[in-house]
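Below is one structure, written out as structure tokens; the observations come after it.
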Amino acid sequence: TGGDVTVAVVDSGIDPSNPDLGENLWVNPGEIAGNGLDDDANGFVDDVHGADTVGHDGDPADGLGHGTAVASLIGARGDNGLGITGVAWRVRLMPVKVLHDRGWGTTVTLITGLRYALANGARVINLSVNGTEPSQALEEAIRQAEARGALVVTSAGNDRQDRDQIASYPASIDSPALLTVTSTTRSGALGSESSYGAGTVDIAAPGDGVITGDLNGGFRTQSGTSFAAAYVSGAAALLAAAHPSASGTQLRNALAAAARRGGRVDQWIAGGRLDVSAAL
Ligand code: CA
């Protein structure tokens, strides 16, 4: 069910009032709540449940809904009689807000968020964001994740492009600790707006009309590669819990090697469809 693995959701934040997510929120052991101090001297005051790199404070509440939806697929609490169930029932969801409530973010907010996740022990980092600007600093942050034994899971993008030809970041960065995910429909076909790439896109997962948690305890049907990436992050958390010393690269290789071939999406990607049981 996931255990003590920390999964950073580097996104628009997480709605902490969602009862399906609140119980699974990561707690910063170095911070005393509400005392107005940066107890652990990491640059963020009262970052008890993650941080906001846009406002540069300790409040990663979500005003957009995207991060809450992604988090719910990864780790909405299971067997609690509420809402939905994430792939990993009991993970520690670390909200790292790098997107403004209107949806924009910058390379700087993204890199600051990645560094925060790594410094605070995330083993899996979900990055359902896509940008057009190449960045050496972003590449270095991904390499830092690899060196620290973390896995970064990212979305291929929803612009129906061949990622082998038209780059997007971080999706197109070449790293053994980065998994790039596209989305499939209920019939296993490539999602209608999903990007692809026989060289760049590693794996496919469901991302068409999936039910997610939303702001204020609601639910919303969503589509896109962001949500497919979330399923893969949830799967990675299960593997990480079962294998406490596995590196991000080992988690990536296990998920990629176990992915199922023989479906309609094969021709579009390097690997196959997520198979959690086989990967475990
Ligand atoms: Ca702090």
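The values are calculated or read from the model by the stated rules, or taken from the named source; none is laboratory data. Please read all numbers here as calculations on a predicted model, not as lab measurements. Cβ sites come from the backbone with ideal geometry, for glycine too, and all protein chains shown count toward neighbours. Remember, those area values only see protein heavy atoms, side chains included, never the ligands or the DNA or RNA. Shrake-Rupley method; radii C 1.70, N 1.55, O 1.52, S 1.80 Å.
If we count every other residue with Cβ under 15 angstrom of R264's Cβ, Lys/Arg +1 and Asp/Glu -1, where does the sum land?
Details: positive: R186, R260, R261, R273; negative: D208, D266.
Cβ neighbours under 15 Å give a net charge of +2.
Calculate, in whole percent, how much of the Cα-Cα pair population of segment 90-181 lies beyond 23 Å. Mind dumping the intermediate values first?
Numbers: 762 of 4186 pairs.
For segment 90-181, the fraction of Cα-Cα distances above 23 Å is 18 percent.
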Residue among A235, A205, A41 with the largest mean-square fluctuation in a Gaussian network model of the chain, springs linking Cα atoms under 10 Å | A41
Any idea of T1's accessible area? Nearest 10 Å², probe 1.4 Å.
-> 100
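Using a 1.4 angstrom probe on heavy atoms only, work out the carbon and sulfur share of the accessible area of the chain in %.
48
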Ignoring ligands and nucleic acids, W26 exposes an accessible area, probe 1.4 Å, in Å² to the nearest 10, of 10
Longest principal axis of the chain (C-alpha) makes with the long axis of helix 107-119 (C-alpha) an angle, in degrees to the nearest 10, of 80
Do you know the relative contact order of segment 154-210, to the nearest whole percent, from alpha carbon pairs under 8 angstrom that are 6+ apart?
-> 42
Ranked by GNM mean-square fluctuation in the chain (Cα springs under 10 Å), the top entry among A228, A167, A61 is A167
Cα axis of helix 248-258 to longest principal axis of the chain: angle in degrees, 0 to 90, nearest 10?
-> 30
Report the accessible area of H66, computed with a 1.4 Å probe over the heavy atoms of all protein chains in place, in Å² rounded to the nearest 10.
-> 40
Helical mean residue ellipticity (222 nm; -39500 (n - 2.57) per DSSP H run of 4+; nearest 500) of the chain = -7500 deg cm²/dmol
Order V87, V181, most accessible first, counting only protein heavy atoms with a 1.4 angstrom probe.
-> V87, V181
What shape does segment 111-264 have by the C-alpha gyration tensor, where a ≥ b ≥ c are the square roots of the eigenvalues, rounded means a/c under 1.5, and otherwise prolate means a/b greater than b/c and oblate the rest?
-> rounded
Dividing the mean separation of Cα pairs under 8 Å (6+ apart) by the residue count of the chain yields a relative contact order in percent of 20
Accessible area per residue, 1.4 Å probe, Å², for segment 36-128: what's the number?
-> 37
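Just need the relative contact order of segment 211-273 here, percent rounded to a whole number, with Cα pairs under 8 Å and 6+ apart. If you can, show how the numbers build up before the last one.
Details: 35 pairs, mean separation 10.7, N = 63.
It comes to 17 percent, rounded to a whole number.
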Counted charge near R273, where neighbours are those whose Cβ lies closer than 9 Å (Asp, Glu -1; Lys, Arg +1) | 0
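Could you tell me what percent of the DSSP beta bridges with both partners in the chain are antiparallel, to the nearest 5?
On the way: 8 of 35 bridges.
Approximately 25 percent, going by the DSSP bridge assignments.
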Let me know the volume per residue of the alpha-carbon convex hull for the chain, in Å³.
-> 111
Given the options T132, T85, T68, which has the most mean-square fluctuation in a GNM of the chain, springs set between C-alpha atoms less than 10 angstrom apart?
-> T132
